[in-house]
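The values are calculated or read from the model by the stated rules, or taken from the named source; none is laboratory data. Everything quoted here is computed from the prediction, not taken from an experiment. Here the Cβ is made from the backbone with ideal geometry for all residues, glycine too, and neighbour counts use every protein chain on show.
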Amino acid sequence: MKYCLKCKKEFSDNDLFCDECGGKLKLKTISEKKSIWKKLFLIFAITILVIGAISTFFLITKRTDISRVNIYDLKNDIEQNFKYNEIRVNKGEMSEEGIQEIGVKKAYVGAISDLNEEEIGSILIGNSENIQNTKDILLKDGYIEDITKVSFKLRGNTITKYYSEYSVSYLFSIKNYIFIINILQNKENYAMKIAKDYLKKYK
């Protein structure tokens with residue numbers, strides 16, 4: 001089989017000149033055929049890798065609708081699934097009746113401790129039909145000390161940090177679930193990690 005060096009078109013062995021540019025045709029050697037197949041294989045392999053990377057990215061970043069899980073799943077996340085180097089969350093208490101005074105139907109409260117088993121904070125997760133009302137009660141009745149307040153966005157959710165003298169409270173919600181992470185200020189990075197983990201997993 002012959003081909004045109006300029007147009008890259010293929011012709012039969014009987015043809016002498018290219019019908020596009022008039023150039024003289026050249027016989028295609030075995031090495032050139034192998035080179036073309038290598039290029040095609042390389043293009044195919046790169047395409048497969050790109051498709052795989054894109055698929056993996058979407059699988060990793062896909063978030064679960066939090067309305068499809070229950071508070072026990074959220075409890076298992078912080079106690080077992082999420083991994084941290086310098087802290088652990090001890091098995092906390094579940095309340096099926098919730099905490100009526102703050103408008104929470106079901107609640108989980110866990111203690112956050114360092115590796116020496118010294119308690120450095122706590123986490124509360126509650127299911128509320130009126131998240132804003134629950135937040136208002138928490139601030140009004142002093143459940144959260146509001147000396148200095150800072151708000152920021154993370155994955156489309158608003159996180160509000162409330163600083164007291166020694167601790168900081170992270171308050172945020174995902175649909176009908178409210179999260180309050182209270183921790184010593186020198187361990188604040190773990191409050192951020194916990195918040196990020198929940199907001200990365202749920203929407």
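Computed quantities for the displayed model
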quantity	calculated
Among (1) surrounded by fewer than 19 Cβ atoms within 10 Å (Cβ to Cβ); (2) modelled with pLDDT of 90 or more - the single one LYS91 does not satisfy	(2)
Residue, nearest to ASN189 (Cα to Cα), within the range 134-167, restricted to residues that are acidic (Asp, Glu) and surrounded by fewer than 13 Cβ atoms within 10 Å (Cβ to Cβ)	GLU165
Every residue from the range 94-116 that is surrounded by 16 or more Cβ atoms within 10 Å (Cβ to Cβ) and touching a residue at least 60 places away in the same chain (Cβ under 8 Å)	VAL104, ILE112
Within the range 82-130, strands (runs of 3 or more DSSP E) holding 3 or more residues that are under 14 Å from ILE194 (Cα atoms)	87-89, 106-114, 119-127
Residue in the range 139-185 that is nearest to the chain's Cα centre (by Cα), counting only those that are part of a strand (DSSP E or B) and small (Gly, Ala, Ser)	SER173
Lone unmet requirement of (1) more than 21 Å from LYS201 (Cα to Cα); (2) in contact with a Phe, Trp or Tyr (Cβ under 8 Å, 6 or more places away or on another chain); (3) not in a loop (DSSP other than H, G, I, E, B); (4) not β-branched (Val, Ile, Thr) for LYS75	(1)
Any hit, the range 45-64, residues being part of a loop (DSSP other than H, G, I, E, B) and modelled with pLDDT of 75 or more	yes
Test set (1) surrounded by fewer than 18 Cβ atoms within 10 Å (Cβ to Cβ); (2) at pLDDT 90 or above; (3) more than 23 Å from LEU139 (Cβ to Cβ) - ILE78 fails condition number	(1)
Check on GLU188, of a type in the set (D, E, K, R) and part of a loop (DSSP other than H, G, I, E, B)	no
